[in-house]
Each structure stands twice: as C-alpha cells, then as structure tokens.
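Trainee: I have a structure I would like to understand better, so I am pasting it below and will then ask my questions one at a time.
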2 protein chains.
Amino acid sequence: MTQTRPVFYVSDGTGITAETIGHSLLTQFADTRFTTDRISFVDTAEKAREAANRIREAGEAAGARPIVVNSCVDNELYRILAESGGLMLDIFAPFIEPLERELGEQRSLRVGQAHGMVNFEAYHRRINAMNYALTHDDGMIMDFEDAEIILVGVSRAGKTPTCVYLALHYGIRAANYPLTEEDLEADRLPAKLRSHRHKLFGLTIDPIRLHQIRQERRPNSRYSQLDTCKREVAQAEHIFLNEKLTTLSTTHTSIEEIASKVLTTLGIHREMF
Amino acid sequence: MTQTRPVFYVSDGTGITAETIGHSLLTQFADTRFTTDRISFVDTAEKAREAANRIREAGEAAGARPIVVNSCVDNELYRILAESGGLMLDIFAPFIEPLERELGEQRSLRVGQAHGMVNFEAYHRRINAMNYALTHDDGMIMDFEDAEIILVGVSRAGKTPTCVYLALHYGIRAANYPLTEEDLEADRLPAKLRSHRHKLFGLTIDPIRLHQIRQERRPNSRYSQLDTCKREVAQAEHIFLNEKLTTLSTTHTSIEEIASKVLTTLGIHREMF
C-alpha cells in the first residue's frame, strides 16, 4: 500500500518561497506520494495554532507524519507550528548564521517581504510590462521601438505565454510576432523586424506537437493539418537559419526554461519578481 | 563607503528556485547592497568551471567575497563552484538528510526538474488556462460557465495581472469582469455574474492610486479624473457590500498576495507551477 504523505507550506507571507523550494525538494523523492497544501499569511500566534491543528489532523488522517516546509521568520510562530508534530523544515534557518557572519550584519525579521509590494516603482514597471505584452501580442501592434525582446515563430509555438512570463517576473517589455503566410512564402522577416535584429529570438516546435495543439484550437481546419504544420515549421526554421537568429524548440521546454534561455542568449539580467 | 556584495544564483536548471530563496534571504539583510546575477543550466564540469571563474572575477572586481546560492544537485559541480572562493549556500543540502530519514528513501539526483516540463498534461492545463485568461479578459466573453474564479472591479483595479498570474502559476481558469457604467448606476451586478456567486471576488483600490494609474493610460480624460475614480470606487464598494462579496484592496498588495488571498478565500488549492 502506498502511503500518502501530507506536506504543508507555511508562511507569514504568500508562501511562494516555501512552496518553490519545497516543490523542488519533493521532486527529488520519486517513490513517495505527497499531498500538498499551502497555509499563507500565518502572522499571529492564533493563526499558527490553527495551522498546527490542521497539520496534526492531516497527519492523523493520513497515518503519516506531516512535513512542514516553513518560512515564518518569527521564532515563537515556529515553536507553535512545531507542536503539530510534523517534520519541520525551516527554509531560512540554515543560511542565516553563515550570512550574518559573512555580512557582519544581523538579519532583520521582516515578515513576508519577499513577495509583497516592496518597491512601488519596480511594481509599476512590472504592470506596465504586462500591459505591453498583452497589447503587443500576436503582432497586433507592429511598433517594436519600445520592445526589449521580440519572440518570432509560427502561430502556437509558445510565444504568448513566454512574453507574459517575462513581463510578470522580470518586468520586461516582450513583444511577439507570428510569422504570416506572406513572410513564410517570401522566406524572410518583414523589414519592421529586421531593424531590431538584436532583440529577436526564434521559437520553433515539433510539427506533430504543433498539430496536436492546433487541433484543440481549430479541429480539422487547414490551419491545424499536419501538412500545414510541417510546411510552416520548415519554412520558419529556414528563415531563422538565413537570418542567423538564435532559436529554441519549445516542444520539451517549459515556459520558465524558454524565458531563462532567452534572457541568457540576449544577455539581459533582471531581478526576478 | 558602502561595499556592494556580488550574489550569484547558480543552477543546473532555470535557477528560479535558487533565486526565489536567495532573494527572500537577501531581503532580511537591509544594510548590505547586493548585485545579483543568475547562471542557469550549469550541468557540465566545463560550465561549472566557467561559472566559478565568473564568480571569482566578480569578487575581485567588487573587493568582496561573492555569495553563491547554489541549487546544482551534483556533488562534483558543487566542488568546482566552491573553488570560486565564494560563500556557498547550498539550498537543498540541509533538508535532504532529514527528508531521507523521514521518508526512508534516497534522494534521486534529477537535474533541474523543478521548473522543467515534467508533466505534459499539467503543462497543457497551464497553457489552456493562460489562453482562457487572455480571451476572458476585460469582460470580452461573457460566458462564465467554465471559469473557476471571476474577479470583479472597476477598470485598472488589478484584475488582469491577477488572472494571468493565476493561470500561469496554478493553471486556473480565471476570468475578469470590469464593472460598467450601467452596473454602477444600477447598483448591482449583472445577472450573468450573480448566477456564479461562489466564484466571485471583488477587487478595490484607493481612488488616488487609481487616478494615478489611469492618468498614465489616458491623461486628462474623464476616465482618469479623480472625481470619476472616487465615484466609481465608492459605487463598486457599495455593490460588493450589498452582494456580500469578499473584497480586497490592491493598493498596497502585490499580484502574488492578491492571488494567494483569492485562493485562500475561495478555498481553492492547486500545486504551484
């Protein structure tokens, strides 16, 4: 019988940091089945007691000791959570002492700052980038002067989610340009794009995967036919090669990986939101 | 003189986990200035040597020992990176041994899995949710049957970024509905929304902040006038109160915080992408 192990991400803020590292840890244990839950904004003793009760009960129900991935920085809250009987993994604790020693500075107990609105200006840049991505999606606006990145590829190659991700997490103005039938036939990029060569990055995709994705969108259309997908991808890749664009296949690549590779290739570094 | 301390997020994958926890740690040290850089996809000894050189040089240039927030799981890569002389913070190491003991399982060294494309089905759900958010933005499509969450509020209250975030990171189909002049005058939600009461969440905002945001968008319009903003916000809040909607002010709240609170309020739990 496979036991299911309850995991709780507990935080005095959103819990995103705890869940991010917790998830990364769990992926390294393939034989165990986990059920995960997040308890956010635990910033009072009472909320910590409620959380501890919930954790204890989940452990009793599952017949397995819960795992608590904790990012509450307050020691008293930690103590209360530990009364749940769960295995406490405190994601900051191991690093605080070496950092204090190295930096010659005491950590300050600022609760839940990592994903809060710390800096209005940066936040504003993020929202503006987001609006930019949405209004410059799908070649709707063909003015690329303000773009920092322009993703080029056939329809459904993964451009839009990547642009939105770059805007949301890096505050980057990312536009995307879907290659049209005319571009593909002409076997070259439109002039409007060629003047922004240093911002361009090509996305490609396996034609069979593209066919599956397009089928869901417009079943049994010319657009989604495997033949159309094969031809378009071949033509697009030929253009990328001619224009010497760095290109990435999105077939087995997540949005995060695409975004990371685009940033590395174009030499852009921004702090992540 | 304020020293600037170089920080490197080094990973065999995207580096998102390393940067997320590293950033959270740095926010706890307010007196130090940091410059941060991410080195992703370090999955060979050669790339690790290149990274170590870059780290060492940055330390020499800054005249301060670099901090290396490392998520490479391979011991050999770790050893090479440590030769940079930086302070090594290995974000997984402290938790592996307690987890192995608790789970009775050895960790497997799966490189860079956390933000890769592990599960095509889940990934597909994410992309579909994203398309849903973009096509159900701004009340463009008034069919809310498939929505899991519907954010309601006046224009520019923060609905769109939150919907996109919920789609990207939780694969949730989030629609948004901007209250129209007619809704505000009628002092009630449209019938199409009222039948989905359990999915509704109200977003509000300080009228002065709203005025600033709208001014950037359409300067000196009736839409952006402070009086218009005050009236619309008051009317919207009145509707939320009448309809007993849970409401959140986005004025000092980040996208992550809004998303967390919406999920907690509506009792939705999804694993985070």
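Trainee: Measure off 7 Å from each Cα along the Cα-to-Cβ vector at residue A:100 and residue A:208, then give the distance between these two points in nanometres to one decimal.
Mentor: Calculated label separation equals 5.7 nm.
Trainee: Separate question: Once Lys and Arg get +1 and Asp and Glu get -1 on their Cβ, which of A:52, A:89, A:63 lies farthest toward the positive end of the dipole of the stretch A:4-103?
Mentor: A:63
Trainee: Give the relative contact order (percent, whole number) for the stretch A:1-40; include only Cα pairs under 8 Å separated by 6+ residues.
Mentor: Values: 47 pairs, mean separation 25.9, N = 40.
It rounds to 65 percent for the stretch A:1-40.
Trainee: Express the relative contact order of chain A as a whole percentage, based on alpha carbon pairs under 8 Å and six or more residues apart in sequence.
Mentor: On the way: 436 pairs, mean separation 39.6, N = 273.
Reported relative contact order: 15 percent.
Trainee: Related question: For peptide A:251-258, what's the mean number of Cβ atoms from other chains within 10 Å of each residue's Cβ? Mind showing how you got there, number by number?
Mentor: Working: counts 1, 3, 2, 10, 9, 11, 9, 2.
Taking all residues of A:251-258 together, the mean is 6.
Trainee: Let me ask something additional. Please sort through the DSSP H helices of chain A and keep those with an alpha-carbon extent of at least 18 Å along the long axis and a Kyte-Doolittle average not below -0.5. Could you put the intermediate results ahead of the total?
Mentor: Working: long enough: A:45-62 (25 Å, -1.01); A:120-135 (22 Å, -0.48); A:226-242 (24 Å, -0.27).
Flagged H segments are A:120-135, A:226-242.
Trainee: Something else now. Once the dipole of the stretch A:114-273 is set up with Lys and Arg at +1 and Asp and Glu at -1 on Cβ about the Cα centre, which of A:240, A:208, A:272 lies farthest towards its positive end?
Mentor: Among A:240, A:208, A:272, the one farthest towards the positive end of the dipole of the stretch A:114-273 is A:208.
Trainee: For the interface of chains A and B, what total accessible area is buried with a 1.4 Å probe, rounded to the nearest 100 Å²?
Mentor: Working: alone 15680 and 15700 Å², together 23560 Å².
Buried area between the two chains comes out at roughly 7800 Å².
Trainee: Summarise the partner chain shielding of A:102-108 as one whole number: the mean count of Cβ atoms from other chains within 10 Å of each residue's Cβ.
Mentor: Values: counts 9, 11, 2, 5, 3, 5, 5.
Per residue, the average neighbour count from other chains is 6.
Trainee: For labels at residue A:65 and residue A:109 in the simple 7 Å Cα→Cβ model, what's the distance in nm?
Mentor: 2.6
Trainee: Let me ask something else about it. What distance in nm separates the simple spin-label points at residue A:44 and residue A:222, each placed 7 Å from Cα in the Cβ direction?
Mentor: Each label point lies 7 Å from its Cα, and together they span 6.5 nm.
Trainee: Would you work out the charge dipole size for the protein assembly as shown about its Cα centre, treating the Cβ of every Lys and Arg as +1 and the Cβ of every Asp and Glu as -1, and quote it to the nearest 20 debye?
Mentor: Here the protein assembly as shown has a charge dipole of around 620 debye.
Trainee: Which percent, nearest 5, of DSSP beta bridges in the protein assembly as shown are antiparallel? Walk me through the numbers before you get to the answer.
Mentor: Working: 0 of 52 bridges.
Once the DSSP bridges in the protein assembly as shown are tallied, antiparallel ones form about 0 percent.
Trainee: Order of B:16-23, A:123-130 by packing, highest average Cβ count within 10 Å first?
Mentor: Top to bottom by mean Cβ count within 10 Å: B:16-23, A:123-130.
Trainee: Mind pulling up the Rg/Rh value for the stretch B:4-103? Radius of gyration and Kirkwood radius, both on Cα.
Mentor: Details: Rg = 13.4 Å, Rh = 13.7 Å.
Radius of gyration relative to Kirkwood radius: 0.98.
Trainee: If you count, for each residue, the other Cβ atoms within 10 Å and average over each peptide, how do B:149-155, B:194-200, A:205-211 line up from highest to lowest? It would help to have the intermediate numbers written out before the result.
Mentor: Values: B:149-155: 24.6, B:194-200: 14.4, A:205-211: 19.1.
Averaged packing, sorted descending, gives the order B:149-155, A:205-211, B:194-200.
Trainee: While we're looking at this one, here's another question. Please sort by residue number the GluC sites (Glu not before Pro) in the stretch B:118-212 whose DSSP state is loop and whose Cβ has at most 13 other Cβ atoms within 10 Å. It would help to have the intermediate numbers written out before the result.
Mentor: On the way: sites: B:121, B:145, B:148, B:181, B:182, B:185; in loops: B:145, B:148.
In loop regions of the stretch B:118-212 (DSSP not H, G, I, E or B), the sparsely surrounded GluC sites (Glu not before Pro) are B:145.
Trainee: What ranking do A:39-50, A:4-15 get when scored by the average of other Cβ atoms within 10 Å per residue, highest first? Before the final figure, lay out each step's value.
Mentor: Numbers: A:39-50: 18.2, A:4-15: 25.3.
Averaged packing, sorted descending, gives the order A:4-15, A:39-50.
Trainee: To the nearest 20 debye, what charge dipole does chain A have about its Cα centre, counting +1 at the Cβ of each Lys and Arg and -1 at the Cβ of each Asp and Glu? Walk me through the numbers on the way to the answer.
Mentor: Values: 32 positive and 38 negative charges, 115 e Å.
Taking the Cα centre of chain A as origin, the dipole is about 560 debye.
Trainee: Also: How high is the relative contact order of the stretch B:120-266? Use alpha-carbon pairs under 8 Å, at least six apart in sequence, and give a whole percent.
Mentor: Numbers: 231 pairs, mean separation 38.0, N = 147.
It comes to 26 percent, rounded to a whole number.
Trainee: Copy-to-copy spacing for residue B:79, label 7 Å out on the Cα-to-C-beta vector, in nm, shortest first?
Mentor: The answer, with the shortest distance listed first, is 4.3 nm.
Trainee: When the accessible area of the stretch B:4-103 is computed with all protein chains present and a 1.4 Å probe, what percentage of it is carbon and sulfur?
Mentor: Details: 1680 of 3730 Å².
Carbon plus sulfur share of accessible area: 45 percent.
Trainee: A further question on this structure: When Cβ neighbours within 10 Å are restricted to other protein chains, what is their mean count per residue of peptide B:27-39? Let's see the in-between values first.
Mentor: On the way: counts 10, 14, 10, 5, 5, 5, 0, 2, 2, 4, 2, 7, 1.
Partner-chain Cβ atoms within 10 Å, mean over residues of B:27-39: 5.
The values are calculated or read from the model by the stated rules, or taken from the named source; none is laboratory data. Because the structure is predicted, anything quoted here is derived from the model rather than measured. Methodologically, a virtual Cβ is constructed for each residue, glycine included, from the backbone with ideal geometry; neighbour enumeration extends over all protein chains shown. Protein only, heavy atoms only, side chains kept; ligands, DNA and RNA dropped before computing areas. Shrake-Rupley method; radii C 1.70, N 1.55, O 1.52, S 1.80 Å.
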